[in-house]
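Scroll down for the structure; my scribbles are underneath it.
The values are calculated or read from the model by the stated rules, or taken from the named source; none is laboratory data. Not measured: the values here are computed from a predicted model. All Cβ positions, glycine included, derive from the backbone under ideal geometry; neighbour counts span all protein chains shown.
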Amino acid sequence: MKGRVWKIVVACLAVVVAVGLAVAFSAGSQDIEAGWADSNTLSLIRPPFVSAAAAGAHFLNQEAGIAAYTNVGHELDLAKAATGFATIEYQTSEYIIGSVRVPGYGTTHDVHAYVHRDGWILAYYLSHEPTAKIFSWGNLGSTKLELGIAKLCDAAGMPFPSATYYDFRYPHAQKMMIIIDYDSFNIKIPGSFSVYTRSYSIRTTGGWQYPTTLWIDGVTVDSTTGTTIGTITPTQLSPDVFHTVSVSGARSPSVALLLTYRE
């Protein structure tokens, strides 16, 4: 499976100033002012096979939220692909709709999936779920959607080439940005940008006595003793103002911030 390593905290919409530790990029004791960092962004492109005429795919426009898809370049053996599903809701000679278990996660993290014999595989979460649900702390080189696609590719006996992303809720969104940090960073979103989703995933590895707390401008957003996801309001990350995003906790506090937007 092709994965990626997210650059940590060197991402920005206009400017991100990060302080502290990083995995793929170490800030040391200096602040970082970075321009555009494409390694932190994913383009959002509508799947070419999704239309009212596409076999069984029209439902995605009503049901799906954030999604990832690929084409393996060959016709798929649907009988083999079916073995990668945890549940199958509908199956024809052309496509399968169902859910896929994400390795390392419980059933609440199962991804919904659509597989077409022409080689298309698409995984998604539902429209009401936060975008940050895709984030996988257990595999920073991938997302839960990609892990689900890779599982179906493996079942079908095909390599996973790469994934393209799209948000069915916001067809005008162009990009998704992922920022990961273990301390704090400052972010300023240009007022000229349209931001469609602001969501987060926070994690601690310490147990109940070591909670992780997410703060924005000194105000508590969420706190957990495990891993949790949620959304951030436009007021909490208003445009044209620097906001300080930080996590604190006694044992490995971590935050991933995901933004979908149009420049």
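Here is a check on your reading of the model: is A132 surrounded by 15 or more Cβ atoms within 10 Å (Cβ to Cβ) and either of a type in the set (K, R) or over 14 Å from the mean Cα position of the chain (by Cα) (or both)? No. Residues of the range 78-94 that are more than 15 Å from I149 (Cα to Cα) and either surrounded by 14 or more Cβ atoms within 10 Å (Cβ to Cβ) or acidic (D, E) (or both): E89, Q91, E94. Among the residues of the range 196-248, just one is of a type in the set (D, E) and exposed (fewer than 14 other Cβ atoms within 10 Å of the Cβ), namely D240. Selection of the range 140-170 for residues being surrounded by fewer than 18 Cβ atoms within 10 Å (Cβ to Cβ), among the small types (G, A, S) and farther than 30 Å from L214 by Cα yields G157, S162. Count, please, the residues in the range 171-195 that happen to be within 13 Å of I66 (Cβ to Cβ) and either of a type in the set (G, A, S) or surrounded by fewer than 18 Cβ atoms within 10 Å (Cβ to Cβ) (or both). Adding up the residues that qualify gives 2. Do we find a residue being of a type in the set (D, E, K, R) and at positive phi anywhere in the range 137-157? No; the residues of the range 137-157 include none that is of a type in the set (D, E, K, R) and at positive phi.
Is it true that K188 is basic (K, R) and modelled with pLDDT under 95? Yes; evaluated as a whole, the condition is true for this residue.
The residues of the range 119-141 that are over 23 Å from Y196 (Cβ atoms) and assigned to a loop (DSSP other than H, G, I, E, B), listed by number, are G119, W137, G138, N139, L140, G141.
Being closer than 20 Å to G84 by Cβ and touching a strand residue (DSSP E or B) at 6+ places or on another chain (Cβ under 6 Å) is the filter here; which residues of the range 134-143 pass it? Of everything in the range 134-143, those that are closer than 20 Å to G84 by Cβ and touching a strand residue (DSSP E or B) at 6+ places or on another chain (Cβ under 6 Å) turn out to be I134, S136.
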